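Trainee: Just passing along the structure, written as structure tokens.
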Amino acid sequence: MDTVNGIFDLPGMAFDPPSGQERAAVAIPRYFARFEREFQLAVHRPVAVRAVRPGPADQLLVESDAGTWAARAVINATGAWTRPFWPYYPGRELFRGHQLHAVDYPGPQPFVGKRVVVVGGGITALQLLTELAKAGAATTWVTRRPPAFREEPFTREYGREVVAMVERRVRAGLTPQSVVSVTGLPVTDAVREARRDGVLDRLPMFDRITPDGVAWDDAGAHKGSQSSTPRFVKADVILWCTGWRAALDHLAPLHLRAPGGGIAVDGTRAVLEPRLHLVGYGPSASTVGANRAGREAVREIRELLSAPAATRTATTTPTIVAPLAA
């Protein structure tokens with residue numbers, strides 16, 4: 001928790017900051033679970049949604065392994081945490097060590113005394129890199145671009161600026177970029193300590209993977225590197241902190257993809273399917289953006305459901321369907 005940008009409160013329940021040493025992957029789900037219990041949300045789980053497709057009249061059909069729901073409005077809040085992105089580099093299949101994505105990171109203990117290459121320039125990479133180094137792993141940090149650190153505090157006003165920047169991109173139908181490409185990396189006490197210890201002396205992205213490590217085609221100085229790039233670094237472990245992609249495959253029957261590769265949205269509403277709202281996509285992929293997005297989606301859905309009686313169908317209590325792997 002020492003290295004996260006910040007957690008904005010969900011409506012009606014404050015987030016009590018835990019110890020700075022607690023893992024965010026534990027503290028934040030605990031907060032969400034408490035919110036669910038407190039407000040008695042009607043969550044059905046486990047449910048795996050296979051597809052959302054046009055239904056009869058003005059309805060959408062949500063097909064799942066627990067049955068099919070017919071709805072006049074759907075809020076898709078699948079986010080990205082179930083779809084880790086793992087880029088391919090030549091030689092990956094030859095590596096004799098252990099490779100894993102951050103989604104499967106078990107904590108630092110299994111890596112004590114091992115040589116770990118951490119790949120990625122985001123907050124997750126920064127968190128795990130500093131944790132592994134502190135626990136006694138020999139770390140090497142590689143990123144595609146020089147990391148952009150933000151010295152100023154991450155305020156609510158800056159959070160709103162970030163949301164606005166992402167919103168402009170998805171409104172145009174472009175795919176959302178990584179969060180850190182917009183926010184920058186927060187400079188915390190843990191980051192300052194890692195800087196002093198040389199843990200953050202990053203290298204540019206390697207060109208290939210060998211059976212015993214990673215290699216670069218050209219050695220020498222590279223822009224953004226604090227030291228010359230070697231030809232080869234030995235590794236026991238490659239930890240891919242390379243982010244996630246939006247989990248939207250189940251929406252394919254709606255044919256929403258824009259030429260830019262993303263789904264064009266106006267606020268939270270999908271431009272090509274006004275009965276569908278996306279929360280956790282683009283500008284709402286954070287607690288600061290999701291709060292505003294939730295209010296906006298509810299307001300628009302209320303307007304939709306208050307349509308003239310001739311077009312209105314019976315409605316029931318909203319159903320929240322939790323993904324199989326959350």
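The values are calculated or read from the model by the stated rules, or taken from the named source; none is laboratory data. Remember, predicted model here, so these are calculated numbers, not experimental data. Glycine gets a Cβ as well: all are built from the backbone with ideal geometry, and neighbour counts include every protein chain shown.
A quick yes/no check of all residues on (1) in the same structural domain as V62 (by TED's automatic domain parsing); (2) charged (D, E, K, R); (3) modelled with pLDDT under 80:
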site: A252; (1), (2), (3): yes, no, no
site: E273; (1), (2), (3): yes, yes, no
site: H277; (1), (2), (3): yes, no, no
site: G280; (1), (2), (3): yes, no, no
site: A285; (1), (2), (3): yes, no, yes
site: N291; (1), (2), (3): yes, no, yes
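Trainee: If you don't mind, another one. If we scan region 35-46, do we find a residue that is under 22 Å from G282 (Cβ atoms) and either touching a residue at least 24 places away in the same chain (Cβ under 8 Å) or within 22 Å of the chain's Cα centre (by Cα) (or both)?
Mentor: Within region 35-46, the first condition is being under 22 Å from G282 (Cβ atoms), and the residues that meet it are none.
For region 35-46, residues under 22 Å from G282 (Cβ atoms) and either touching a residue at least 24 places away in the same chain (Cβ under 8 Å) or within 22 Å of the chain's Cα centre (by Cα) (or both): absent.
Trainee: Can you go through L94, L41 and tell me which one is exposed (fewer than 14 other Cβ atoms within 10 Å of the Cβ), closer than 22 Å to M13 by Cα and not charged (D, E, K, R)?
Mentor: Numbers: L94 fails: closer than 22 Å to M13 by Cα.
Sole residue among the options that is exposed (fewer than 14 other Cβ atoms within 10 Å of the Cβ), closer than 22 Å to M13 by Cα and not charged (D, E, K, R): L41.
Trainee: Mind listing just one residue for me: the one in region 97-117 that is among the aliphatic types (A, V, I, L, M) and not in a helix (DSSP H, G or I) and, of those, surrounded by the fewest Cβ atoms within 10 Å (Cβ to Cβ)? Before you say what the answer is, go through the steps one by one.
Mentor: Keep residues of region 97-117 that are among the aliphatic types (A, V, I, L, M), which gives 100, 102-103, 112, 116-117.
Still in the list and also not in a helix (DSSP H, G or I): 100, 112, 116-117.
Details: L100: 15, V112: 11, V116: 23, V117: 24.
The extreme case among them is V112.
Trainee: Pairs please, first residue from region 231-250 and touching a residue at least 24 places away in the same chain (Cβ under 8 Å), second anywhere and of a type in the set (K, R) and in a loop (DSSP other than H, G, I, E, B), Cβ atoms under 6 Å, 6+ apart in sequence or on different chains.
Mentor: D236/K114; V237/K114; W244/R83; R245/R83; A247/R83
Trainee: With the checklist (1) modelled with pLDDT of 95 or more; (2) of a type in the set (D, E, K, R); (3) assigned to a loop (DSSP other than H, G, I, E, B) in hand, flag the one item D58 doesn't pass.
Mentor: Of everything listed in (1) modelled with pLDDT of 95 or more; (2) of a type in the set (D, E, K, R); (3) assigned to a loop (DSSP other than H, G, I, E, B), D58 misses just condition (1).
Trainee: To continue, here is another question. Name the pairs whose Cβ atoms lie under 6 Å apart, with the first residue in region 129-145 and in the same structural domain as A194 (by TED's automatic domain parsing), the second among the hydroxyl-bearing types (S, T, Y), and 6 or more positions between them or separate chains?
Mentor: Hits for this filter: L129/T139; L132/T139; A133/T139.
Residue-wise test of (1) assigned by TED's automatic domain parsing to the domain that holds G262; (2) in a loop (DSSP other than H, G, I, E, B).
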residue: S19; (1), (2): no, yes
residue: A27; (1), (2): no, no
residue: R30; (1), (2): no, no
residue: V47; (1), (2): yes, yes
residue: S64; (1), (2): yes, no
residue: W69; (1), (2): yes, no
residue: W86; (1), (2): no, yes
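Trainee: Answer yes or no as to whether T82 is part of a loop (DSSP other than H, G, I, E, B) and of a type in the set (S, T, Y).
Mentor: On the way: part of a loop (DSSP other than H, G, I, E, B): yes; of a type in the set (S, T, Y): yes.
It is true that T82 is part of a loop (DSSP other than H, G, I, E, B) and of a type in the set (S, T, Y).
Trainee: Next question. Could we say that V162 is modelled with pLDDT of 70 or more, buried (at least 18 other Cβ atoms within 10 Å of the Cβ), at negative phi and not assigned by TED's automatic domain parsing to the domain that holds W141 here?
Mentor: Values: modelled with pLDDT of 70 or more: no; buried (at least 18 other Cβ atoms within 10 Å of the Cβ): yes; at negative phi: yes; not assigned by TED's automatic domain parsing to the domain that holds W141: yes.
Considered against the rule, which asks whether it is modelled with pLDDT of 70 or more, buried (at least 18 other Cβ atoms within 10 Å of the Cβ), at negative phi and not assigned by TED's automatic domain parsing to the domain that holds W141, V162 comes out as no.
Trainee: Of R245, R275, which residue is under 18 Å from the mean Cα position of the chain (by Cα) and not hydroxyl-bearing (S, T, Y)? Before the answer, list the steps.
Mentor: Details: R275 fails: under 18 Å from the mean Cα position of the chain (by Cα).
None of the others qualify; the one that does is R245.
Trainee: Show the residue pairs meeting these rules: Cβ distance below 9 Å; 6+ apart or different chains; first residue within region 198-211 and not assigned by TED's automatic domain parsing to the domain that holds A133; second residue modelled with pLDDT of 95 or more and surrounded by 14 or more Cβ atoms within 10 Å (Cβ to Cβ).
Mentor: none
Trainee: For region 118-146, name all the residues that are among the basic types (K, R) and assigned to a helix (DSSP H, G or I).
Mentor: Start the filter on region 118-146 by keeping residues that are among the basic types (K, R), which leaves 134, 144-145.
Within region 118-146, K134 is the sole residue that qualifies.
Trainee: Considering (1) acidic (D, E); (2) out of contact with any strand residue (DSSP E or B) (no Cβ under 6 Å at 6 or more places or on another chain); (3) at pLDDT 90 or above, say which one E193 fails and leave the rest.
Mentor: (3)
Trainee: Please name all residue pairs, on different chains or six or more residues apart, with Cβ atoms under 9 Å, provided the first residue is in region 13-30 and is closer than 18 Å to T130 by Cα and the second residue is surrounded by 11 or more Cβ atoms within 10 Å (Cβ to Cβ) and among the aromatic types (F, W, Y).
Mentor: What qualifies is A25/Y105.
Trainee: Within the bounds of region 5-20, is there any residue that is surrounded by 14 or more Cβ atoms within 10 Å (Cβ to Cβ) and of a type in the set (S, T, N, Q)?
Mentor: At the first step, the residues of region 5-20 found to be surrounded by 14 or more Cβ atoms within 10 Å (Cβ to Cβ) are 5-10, 15, 18.
Add one more test, that the residue is of a type in the set (S, T, N, Q), and what stays is 5.
Yes, region 5-20 contains a residue that is surrounded by 14 or more Cβ atoms within 10 Å (Cβ to Cβ) and of a type in the set (S, T, N, Q).
Trainee: Still on this structure, please answer the following. Can you find a residue that is over 24 Å from R92 (Cβ atoms) and either among the aromatic types (F, W, Y) or in contact with a Leu (Cβ under 9 Å, 6 or more places away or on another chain) (or both) anywhere in region 131-143?
Mentor: Within region 131-143, none of the residues are over 24 Å from R92 (Cβ atoms) and either among the aromatic types (F, W, Y) or in contact with a Leu (Cβ under 9 Å, 6 or more places away or on another chain) (or both).
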